[in-house]
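Here the structure is laid out as structure tokens; the discussion comes afterwards.
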Amino acid sequence: MRLARLIAAFFAALLLGGASEPVLVPEVSQRDIQIQYGFTGAELLLFGAIVYPGGTPPARDSDIVVILKGPPQSIILREKQQIAGIWLNAASTEFRSAPAYYAVASSRPIDKIVDKRTAAIYEFGLDNLQLSPAGTIDPAEQRRFLSGLVDLNRREGLYKQQEGSVEILEGVLYQARLSIPASVPTGTYTAETFLVRDGQVLAAAVREIEVRKFGFELFVATVAEYQPFAYGVCAVLISLLLGWIGGVIFRKI
């Protein structure tokens, strides 16, 4: 079904005929990722085609950059310092719209594809994330906290950069694989694809992906959000029941 839609969109783009710029026809292997019991993560295949004016790729090679990110969230980052032998929260800052997940894949190293200014404009790479701090903060301190946030999420598998992982076939077809960890938050994700040549972004396209809970996980999340008192009471009762069962078992042993 995904391949059929891609082929249909590809031929529709060809029928445009007089377009002076290339057109991207992207697709993803899954647009609906369901998190349920036993979910260990998912691997997304982002693929598509490049439709050039006249149907013939140029002599110069083009590059592809794919960014998967979302959903944005507000986050407070605290820095710990050791004071009198005790680790305490010291400085802190808040980012209003940090992506809960961010992954970038490119056909070559990003610094070989675009200059620093273009990379910053399109947020190509972890070093070019543009996060909005809440309130006034010293630029050097903001960079320090941003570096800490990126490092933390990178170690948890929520931020990643895969340079040279996008394959381009015959200058027309491309594909990239990005993994989503089991700890990924739910929400709407965006898969952005950029076509770059000679340091200039020539075309861009976006596809949305939904990550949502399903089955018992959805029930638990819904009760916890909308009926917090009932959720707390049930959690306590279940804990007491499990404790009683454990006591009975150990007495018999």
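Between Asp151 and Thr56, take the C-beta separation as r, use R0 = 41 Å, and let me know the FRET efficiency to the nearest 0.05.
Once the sixth-power term is evaluated, E becomes 0.35.
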remark   = Length gained if Arg143 through Ser239 is fully extended, taking 0.36 nm per residue and subtracting the Cα-Cα distance, is 30.2 nm
ask   = How would you rank 24-33, 105-114, 142-151, highest first, on the average number of other Cβ atoms within 10 Å across their residues?
value = 105-114, 24-33, 142-151
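FYI, it's all coordinate maths here, none of it is from the lab. In this text the structure is predicted, and so the values were computed from the model without any measurement. Cβ atoms come from the backbone with ideal geometry, glycine included; neighbour counts cover every protein chain shown.
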